[in-house]
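This report refers to the structure that appears directly beneath it.
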Amino acid sequence: MALPALPARLKPASVWALYALGLMPGLYAFYLGIYGGLGADPVREFEHLLGTWALRFLCAGLVITPIRDLLSVNLIAYRRALGLIAFYYVLAHFTVYLTLDRGLILTSILGDILKRPYIMLGMVGLLILIPLALTSNRWSIRRLGSRWNSLHKLAYPLLLAALLHYVLSLKSITLEPAIYIAVVTVLLGYRLVRPKLMERRRARRVTATR
Amino acid sequence: MSLYRPPRTQSSEITPREVYLSRRSFMAGTAAGLAFAASGTALAAPLAATPSAYKVADKLTPKQDVTTYNNFYEFGVNKSDPAANSGDFKPTPWAIEVGGLVAKPQVIDLEKIMTEIPMEERVYRMRCVETWSMVIPWIGFPLSALLDRVEPLGSAKYVAFETVVRPAEMPGQSGFFQPLNWPYVEGLRLDEARHPLTILATGLYGETLPNQNGAPIRLVVPWKYGFKGVKSIVKITLTEKEPPTTWKNSGPSEYGFYANVNPAVDHPRWSQATERRIGEGDGLFGGRRVDTLPFNGYADEVAGLYAGMDLKKFY
Ligand code: HEM
């Protein structure tokens, strides 16, 4: 069930469109925030929106492979953009935390990071994202060869850390976090069964060509 | 930042009152005009009250913020949910069953008691355990006035409160993934309950309580975290043992029975040392963090209640 493919010459433009579209919710929230449209506690609302969009784009980045495997729809050209957009959201989320939320009071920030498991998990997520973002370019892929693939497997613990960070930041589990827990479980669970799945497929293909 | 001072302010000094008094008369007209359309459903109606000397000098949180940003899980878990989802709730008529270890158990008709006990306006700080805070002009009466009517027995040590359960009118009480067990229950030690700062609120900003803020009657204990302020109360029971309380049941390591505002005792997720005042400045950049005060600034009044207690243990 292959979708009609985009003509190759339109690919770069569509990637740029994805960047523009992807960053839109954050920019719009910033605009609303400046003009008093984020409700009574705009800083927290903005911080939460940025974190939520980061998590969404992380999930989107990890859905590319299952879609290709299972639906034969190849969106791999957009994966780097999805990952980098997630990274930008996390950077913005972290910046808001440091400045608007904690007011750059470093002692209180350090105490927060060291004492609170959910903040620590967020930091783990951010620290993993940095090398991934820095190597998300063609030059690095060529340079690192197969090591690039190994490095980018860190996306899995990253997603897990991000999910736990989110869930532990909540007072109680409601429908919305339950949905994210389910999505992340499926995305990561798929990676566990994928080797077997691929092997079976390959075996079938081999017998078919014989 | 000014500390709470025991009553001594002249009532005439309560400046913001005039500001919203004019708003009140406008609202009165509006409310009367809409009264036909909404039988049984609360529309904020003007509520007369004598200004009380119990007031903090801090700037009031705008009414718009007080009535659109709060936790009331019976209407949903987001802080905008109570205002959005409480339209079907019917706060009239209302009765409160008061019983347990009392000489005169009774069912109290709210409308009646509101004509019998004088209503006062009290400007209190409100500090949420989530580290945000407000300054709210409540209208209400001391809980002790109600307790006096039922005459607690000598064996009564605690007061337990219960919120109404009405899944048909409170969307948060039905459906999948309900975050808490209903009814929402809370409690106070009897001496805390009798403290003059402890009130049952029936209004705010010169009007009856909006549904989203706990209509028609709720508890306000200004030196404790906001979750102690149980809303839409239908039952009050005097007990000998410490009664179960909702958030403590849901996370005993995070929420205690006492829940006194205490900058020195952190919540596992939030440092309680500072708080963000809601409604200060416009938008993202106007806000400010202020230091949280022991007992939310009411230490002079209430610290004595806890003499000799380890407040790190009894959080
Ligand atoms: C992979 C990186 C991260 C992701 C995907 C992420 C995502 C999220 C999400 C989804 C939320 C909850 C939003 C809501 O409740 O609506 C959140 C909240 C939060 N995050 Fe992050 N985050 C990340 C990293 C960080 C880092 C590095 C910090 C700071 C050191 C941080 C600090 C916070 C804070 C303070 C909250 C709010 C908690 C509260 O309001 O009580 N996050 N984050």
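Meeting the requirement of 3 or more residues that are away from the ligand (no atom under 11 Å from the Cβ), the helices (runs of 4 or more DSSP H) wholly within region A:104-210 are A:106-115, A:117-134, A:138-144, A:146-152, A:175-209. Scanning region B:227-266 for residues that are open to solvent by 40 Å² or more (accessible area, probe 1.4 Å), among the hydroxyl-bearing types (Ser, Thr, Tyr) and part of a loop (DSSP other than H, G, I, E, B) yields one hit, B:253.
Listed here are the residues, each with its yes/no results for (1) more than 27 Å from residue B:153 (Cβ to Cβ); (2) not hydrophobic (A, V, I, L, M, F, W, C).
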| position | (1), (2) |
| --- | --- |
| B:181 | yes, yes |
| B:211 | yes, yes |
| B:229 | no, yes |
| B:238 | no, no |
| B:246 | no, yes |
| B:254 | yes, yes |
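I'd like to know if region A:78-98 contains one or more residues that are within 10 Å of chain B (Cβ to nearest Cβ) and either farther than 14 Å from residue A:50 by Cα or within 9 Å of the ligand (Cβ to nearest atom) (or both). Within region A:78-98 (the criterion being within 10 Å of chain B (Cβ to nearest Cβ) and either farther than 14 Å from residue A:50 by Cα or within 9 Å of the ligand (Cβ to nearest atom) (or both)), the answer is yes, since at least one residue qualifies.
Determine, yes or no, whether residue A:67 is touching a residue at least 40 places away in the same chain (Cβ under 8 Å), more than 10 Å from chain B (Cβ to nearest Cβ), of a type in the set (Val, Ile, Thr) and assigned to a helix (DSSP H, G or I).
Details: touching a residue at least 40 places away in the same chain (Cβ under 8 Å): no; more than 10 Å from chain B (Cβ to nearest Cβ): yes; of a type in the set (Val, Ile, Thr): yes; assigned to a helix (DSSP H, G or I): yes.
The answer is no for residue A:67.
Here's the yes/no breakdown for (1) away from the ligand (no atom under 16 Å from the Cβ); (2) modelled with pLDDT under 90; (3) within 14 Å of chain A (Cβ to nearest Cβ); (4) more than 21 Å from residue A:115 (Cα to Cα):
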{"site": "B:235", "(1), (2), (3), (4)": "yes, no, no, yes"}
{"site": "B:248", "(1), (2), (3), (4)": "yes, no, yes, yes"}
{"site": "B:254", "(1), (2), (3), (4)": "no, yes, yes, no"}
{"site": "B:286", "(1), (2), (3), (4)": "yes, yes, yes, yes"}
{"site": "B:293", "(1), (2), (3), (4)": "yes, no, no, yes"}
{"site": "B:296", "(1), (2), (3), (4)": "yes, no, no, yes"}
{"site": "B:304", "(1), (2), (3), (4)": "yes, no, no, yes"}
{"site": "B:308", "(1), (2), (3), (4)": "yes, yes, no, yes"}
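Considering each of A:10, A:23 in turn, give the residue that is over 23 Å from residue A:126 (Cβ atoms), more than 15 Å from the ligand (Cβ to nearest atom) and surrounded by fewer than 20 Cβ atoms within 10 Å (Cβ to Cβ). That would be A:10, the only listed residue that is over 23 Å from residue A:126 (Cβ atoms), more than 15 Å from the ligand (Cβ to nearest atom) and surrounded by fewer than 20 Cβ atoms within 10 Å (Cβ to Cβ). Selection within region B:58-78: residues that are closer than 15 Å to residue B:210 by Cα, facing another protein chain (nearest Cβ under 8 Å) and part of a loop (DSSP other than H, G, I, E, B). The member of this set that is least open to solvent (accessible area, probe 1.4 Å) is B:69.
A single member of B:137, B:167 is in contact with a Phe, Trp or Tyr (Cβ under 7 Å, 6 or more places away or on another chain) and either in a loop (DSSP other than H, G, I, E, B) or crowded, with 22+ Cβ neighbours inside 10 Å (or both), and it is B:137.
A Cβ distance below 7 Å, combined with a sequence gap of six or more or placement on separate chains, defines the contacts here; from region A:153-164, residues that are at negative phi and away from every other protein chain (no Cβ under 14 Å) reach residues that are more than 8 Å from the ligand (Cβ to nearest atom) and assigned to a loop (DSSP other than H, G, I, E, B) in the pairs A:155/A:62; A:159/A:62.
The values are calculated or read from the model by the stated rules, or taken from the named source; none is laboratory data. Note that this is a predicted model, so its numbers are computed, not measured. FYI the Cβ positions are ideal-geometry reconstructions off the backbone, even for glycines, and counts take in every protein chain you see. Ligands, DNA and RNA are stripped out before the accessible areas are found, and what is left, the full protein with its side chains, is counted by its heavy atoms. Shrake-Rupley method; radii C 1.70, N 1.55, O 1.52, S 1.80 Å.
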